Amino acid sequence: MKHWQLAVRSLARRKGFAAAVVLILALGIGANTAVFSVVDAVLLQPLPYPDSGRLVYVMEASPSKSEPVSLIAPGRLADWNRMNRTFQGIAASYTENVTDTSGDQPERLAGRRVSPGYFTVFGTPAVLGRTFTPQEEVDGGPTAAVISYSLWTRRYHQWTGAIGRRLILGGTGFTIVGVMPKQFSNAPVDVWLPARFAPFLMRVREARFLAGVGRLKPGVSIRQAHDDLAGVQQELGRQFPQTDKGWSAIVRSLKEERVGDYRRTLLFLFGAVALLLLIAVANIAGLMLTQLQRRAREMAIRSSIGATRGQILAAVMREIVLIAAMGAALGCVVSVWLVGAMETIFTTLPAPGGFHIGWRALIFAALAGAAAAILCGLLPALEATRENLAAILARAGRGGSGARHRWQRGLVAGQVALTVLMLSSAGLMLRSYYNLAHVDLGFDPNRTVTFHVGAAWDEDRTRVGQLQEALLDHFDSLPGVEAAGFANFLPASGATLRYQVSLAGTDKITTGERSISRGYLAALGAPILGGSDCPDLRTLLKPPPKALVNRRFVELFAHGRNLVGRHLRFLDQPEAPPLEIVGIAGNIREDAQNVAPGPFLYVCIAPGGWPDPEYVVRAHGSPAALEQAIRPIVHQTDPARALFGLQTLPQVLDAGLDEPRIKSRVVALFALAAMLLASVGLYSLVSLIVAARVREIGVRMTLGARPRQIVTELVSGVARLIGAGAAAGLLLTWMANRLLRSLLYGVSPLDAATLAAAILALTMVAAVATFIPARRAARIDPLAAIRSE
């Protein structure tokens with residue numbers, strides 16, 4: 001206990017040093033612990049379902065090699081459940097937003113239609129009430145609804161009496177029979193409803209709209225399940241050659257499917273904060289070495305009165321352990337705050353249970369603190385006590401050789417290298433984000449607003465079509481409106497629909513697809529390069545159906561010929577009438593903002609053909625007044641309809657850039673912190689060199705050396721150090737080329753201008769960090785320096 005009291009007193013005499021080291025260590029450990037908690041929640045922890053390792057993602061495999069994943073048809077789902085030998089069950093679902101009119105005002109609810117056995121496959125019981133019975137899951141059975149924990153909390157304030165209450169959806173009452181646990185759904189869902197496939201739909205094998213999930217039997221591997229289901233589909237291809245031949249199945253881990261590209265993003269973020277912690281530890285090691293060298297006389301005196309090297313090391317390490325413990329404890333407090341901030345920033349991460357500091361995160365923080373204690377304490381202490389301490393006492397005040405600072409030079413060079421890597425990465429990601437934000441979308445979104453008007457797929461389509469016609473008529477007659485229309489999906493929404501079509505005189509063509517109304521392209525600000533727009537909604541019921549193709553489609557498949565007036569047909573709908581091409585649209589980035597336009601087909605949709613479309617209305621001027629006028633128009637047209645998602649199109653597109661924007665800002669923040677730490681390391685190194693060479697500098701100045709020469713020598717030494725560190729940093733950037741390439745858009749990972757800017761920024765900061773101690777060296781009084789001991 002006495003030894004620890006001495007360690008506390010020693011640190012108390014150096015409050016500034018101790019506080020700086022604890023703060024740097026706390027920030028480094030806190031940031032790493034927070035990110036580790038996110039990585040743990042998303043990548044390491046199992047899904048919140050019983051025996052979740054047996055849950056798999058199941059889809060159809062399309063014959064198209066470019067887009068192999070396809071949704072499942074209800075009839076095929078039933079066949080798979082009947083014929084497979086490796087699954088306990090396969091269920092599926094699809095999204096259907098619904099409007100609830102049971103309250104004073106209609107409210108849009110995020111709905112999910114589920115096939116029979118859906119909750120059984122997940123193996124999760126309701127937290128209140130129950131899930132669906134077999135009678136409720138078949139066509140014509142009793143109506144029932146299971147609500148989410150969030151809706152139960154938001155509307156019913158977790159009242160147990162919510163069970164038995166009624167939701168009015170599309171004029172039909174649904175009895176609430178259960179509430180699912182908070183962590184059950186990865187996506188924002190308010191209510192689950194039985195899908196209830198009608199008998200005729202079970203016979204339509206081309207109706208692919210379900211996303212599947214399955215539970216494997218015990219002991220069955222994903223490979224075995226895939227081979228089994230592929231064999232089942234092969235047999236179905238023989239039974240139904242027109243619709244099933246050539247198709248297969250895809251079986252993947254549900255955990256891996258949900259994580260998807262988030263794995264790469266999180267590992268990149270974790271790598272960035274780990275580098276920052278490494279730089280911080282290197283910086284602390286440099287500061288510790290500076291302190292130990294300043295205490296060389298103190299340690300030499302201890303040695304001279306009988307203390308062994310081990311005892312001196314133990315005394316130093318007790319101080320380091322105290323600092324590391326305080327840093328780790330404060331780091332845990334910082335991590336709690338950071339985890340809360342990350343939960344509000346990374347809202348789309350697949351972590352149904354949320355983020356929290358668990359026992360694994362605390363163990364990680366303890367290990368990080370122990371590793372930091374060894375790296376920033378033990379190694380510098382070993383170096384500082386390596387020399388004969390009696391010799392140090394004998395030559396005290398006579399200066400020191402440059403070799404005594406090689407450790408700190410190495411640490412600073414390492415900091416510079418890692419800082420160059422982080423500055424380069426930040427610069428590249430900022431440029432990538434800029435490129436994404438300024439990419440040519442193929443349309444002008446600036447004066448356009450978009451929104452939804454609630455309508456269900458099982459509603460009377462004639463009634464929904466009349467609503468759509470009336471709304472477009474109202475919008476077109478509204479003062480200040482340039483154009484109005486709707487589509488099934490907005491551009492850059494990630495809806496990568498792919499179909500195979502045939503054009504007379506060509507082989508099968510794989511093309512993207514959007515279903516649009518007249519006025520939609522004009523409302524986007526997208527050009528029509530030839531032919532005409534879709535006909536008016538009221539005329540689309542007359543054959544033949546109409547469509548437009550984009551310029552890329554013409555370039556790839558028309559070879560300079562005019563396609564207006566030509567016909568094409570969907571290969572999976574051989575009995576359907578062919579589509580007449582009436583116009584050529586410009587190239588729009590439909591899939592994503594970072595994906596170049598491919599061939600696309602714009603099918604002119606009949607009224608009610610897509611009940612819940614994306615409405616778009618374009619203003620002549622500012623859309624602000626337009627946003628105020630739209631809501632009353634919808635209410636007057638149908639008071640029972642909920643309007644939701646009203647926002648400008650630039651806001652929608654900007655939300656799609658959230659992930660690259662956050663990544664670039666976080667990495668830039670870490671890079672600035674790394675540059676600050678590197679500058680502190682340089683400052684402490686030059687200060688140490690000046691302090692150790694005071695007598696030598698005084699002698700040289702007495703013999704005629706000018707202050708400029710002293711400063712030039714110090715600066716040239718720092719320049720060599722920066723050069724070596726920068727070269728190592730460029731090498732690290734080159735080694736990270738493959739990872740960086742997968743995260744960037746429109747810029748090379750080895751972009752010369754970005755790398756040069758990173759080195760220039762670090763050089764300028766290094767110059768400022770070097771100037772203060774170098775100036776101090778130039779002002780040394782030669783006579784006072786020679787007399788100093």
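The values are calculated or read from the model by the stated rules, or taken from the named source; none is laboratory data. Nothing here was measured: the structure is a model prediction, and the numbers come from that model. Note: ideal-geometry Cβ built from the backbone for every residue, glycine included; neighbour counts use all protein chains shown.
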Residue identified as modelled with pLDDT under 75, small (Gly, Ala, Ser) and buried (at least 19 other Cβ atoms within 10 Å of the Cβ) among Ala324, Ala307, Ala282, Ala341: Ala282
Give the stretch 166-182 a look and list any residue that's surrounded by fewer than 16 Cβ atoms within 10 Å (Cβ to Cβ) and over 24 Å from Val453 (Cβ atoms), or say none. Thr175
Filter the stretch 493-512 down to the residues that are buried (at least 16 other Cβ atoms within 10 Å of the Cβ), touching a helix residue (DSSP H, G or I) at 6+ places or on another chain (Cβ under 9 Å) and either among the polar types (S, T, N, Q) or not assigned by TED's automatic domain parsing to the domain that holds Pro577 (or both) and list them by number. Ser493, Thr511
Restrict the check to the stretch 99-108 and report whether at least one residue is over 28 Å from Gln636 (Cα atoms) and among the hydroxyl-bearing types (Ser, Thr, Tyr). no
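Here's the yes/no breakdown for (1) of a type outside the set (Gly, Ala, Ser); (2) in contact with a helix residue (DSSP H, G or I) (Cβ under 8 Å, 6 or more places away or on another chain); (3) under 15 Å from Arg196 (Cβ atoms):
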{"site": "Gly75", "(1), (2), (3)": "no, yes, yes"}
{"site": "Arg82", "(1), (2), (3)": "yes, no, no"}
{"site": "Ala92", "(1), (2), (3)": "no, yes, yes"}
{"site": "Leu109", "(1), (2), (3)": "yes, yes, no"}
{"site": "Val121", "(1), (2), (3)": "yes, no, no"}
{"site": "Gly129", "(1), (2), (3)": "no, no, no"}
{"site": "Tyr149", "(1), (2), (3)": "yes, no, no"}
{"site": "Tyr156", "(1), (2), (3)": "yes, yes, no"}
Cross-chain or 6+ apart pairs with Cβ under 7 Å, the stretch 738-763 first and more than 30 Å from Val718 (Cα to Cα) and touching a residue at least 24 places away in the same chain (Cβ under 8 Å), then surrounded by fewer than 14 Cβ atoms within 10 Å (Cβ to Cβ) and basic (Lys, Arg): Ser742/Arg264
Any hit, the stretch 61-71, residues being surrounded by fewer than 18 Cβ atoms within 10 Å (Cβ to Cβ), in a loop (DSSP other than H, G, I, E, B), free of Cβ contacts under 8 Å to residues at least 60 places away in the same chain and not β-branched (Val, Ile, Thr): yes
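Restricting to the stretch 708-737, what's the tally of residues that are among the aliphatic types (A, V, I, L, M), part of a helix (DSSP H, G or I) and within 16 Å of Leu275 (Cα to Cα)?
Selection size over the stretch 708-737: 6.
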Test result for Trp80, over 31 Å from the mean Cα position of the chain (by Cα), of a type in the set (A, V, I, L, M, F, W, C) and buried (at least 20 other Cβ atoms within 10 Å of the Cβ): yes
The one condition in (1) at pLDDT 95 or above; (2) part of a strand (DSSP E or B) that Gly173 fails to fulfil: (1)
Consider the stretch 397-417. How many of its residues are among the aliphatic types (A, V, I, L, M) and either at pLDDT below 80 or surrounded by fewer than 21 Cβ atoms within 10 Å (Cβ to Cβ) (or both)? 4
Note on the stretch 632-664: residues assigned to a helix (DSSP H, G or I) and over 33 Å from the mean Cα position of the chain (by Cα) are Pro632, Ile633, Val634, His635, Gln636, Thr637
For the stretch 496-529, give me each residue that is of a type outside the set (S, T, N, Q), closer than 30 Å to Gly246 by Cβ and in contact (Cβ under 8 Å) with a residue 60 or more places away in the chain. Arg498, Tyr499, Val501, Leu503, Ala504, Lys508, Ile509, Gly512, Glu513, Arg514, Ile516
When you go through (1) buried (at least 17 other Cβ atoms within 10 Å of the Cβ); (2) hydroxyl-bearing (Ser, Thr, Tyr); (3) more than 27 Å from the chain's Cα centre (by Cα) one by one for Ser148, which number turns out not to apply? (3)
Those residues of the stretch 42-60 that are in a helix (DSSP H, G or I) and touching a Pro at 6+ places or on another chain (Cβ under 9 Å) come to a total of 4
State whether the residues of the stretch 187-196 include one that is in the same structural domain as Arg130 (by TED's automatic domain parsing), closer than 18 Å to Phe122 by Cβ, in contact with a helix residue (DSSP H, G or I) (Cβ under 6 Å, 6 or more places away or on another chain) and assigned to a loop (DSSP other than H, G, I, E, B). yes
So the strands (runs of 3 or more DSSP E) completely within the stretch 523-614 holding 1 or more residues that are among the charged types (D, E, K, R) and over 19 Å from Glu469 (Cβ atoms) are 567-570, 579-585
Which condition from (1) modelled with pLDDT of 90 or more; (2) assigned by TED's automatic domain parsing to the domain that holds Phe557; (3) not polar (S, T, N, Q) is the one that Ala592 breaks? (1)
Tally, over the stretch 1-48, of residues that are of a type outside the set (A, V, I, L, M, F, W, C), surrounded by 17 or more Cβ atoms within 10 Å (Cβ to Cβ) and more than 23 Å from the chain's Cα centre (by Cα): 1
So Thr448 clears everything in (1) closer than 21 Å to Ile630 by Cβ; (2) in the same structural domain as Ala547 (by TED's automatic domain parsing); (3) modelled with pLDDT of 85 or more except one condition, right? Which one? (2)
Does any residue in the stretch 606-626 that is in the same structural domain as Asp533 (by TED's automatic domain parsing) come within less than 6 Å, Cβ to Cβ, of a residue that is among the hydroxyl-bearing types (Ser, Thr, Tyr) six or more places away or on a different chain, and which pairs are these? Trp610/Ser515; Glu614/Thr450; Val616/Thr448; Val616/Thr450; Arg618/Thr448; Pro623/Thr648
The residue that is farthest from the chain's Cα centre (by Cα), considering only those in the stretch 738-774 that are within 14 Å of Ser432 (Cβ to Cβ) and assigned to a helix (DSSP H, G or I), is Ala753
Per the filter on the stretch 188-228, residues free of Cβ contacts under 8 Å to residues at least 40 places away in the same chain, of a type outside the set (Ser, Thr, Tyr) and surrounded by fewer than 16 Cβ atoms within 10 Å (Cβ to Cβ) are Phe200, Gly219, Arg223, Asp227
Which residues, counting only those in the stretch 616-641, are in contact with a Gly (Cβ under 8 Å, 6 or more places away or on another chain) and crowded, with 22+ Cβ neighbours inside 10 Å? Val616, Arg618, Ala619, Leu626
Identify the residue in the stretch 87-135 that is part of a strand (DSSP E or B) and among the β-branched types (Val, Ile, Thr) and, among all such residues, is farthest from Gly219 (Cα to Cα). Thr99
It is to be established whether one or more residues within the stretch 501-511 are modelled with pLDDT of 90 or more and not in a loop (DSSP other than H, G, I, E, B). no
In the stretch 92-101, residue farthest from the chain's Cα centre (by Cα) [restricted to those that are over 19 Å from Tyr149 (Cβ atoms) and surrounded by fewer than 23 Cβ atoms within 10 Å (Cβ to Cβ)]: Thr101
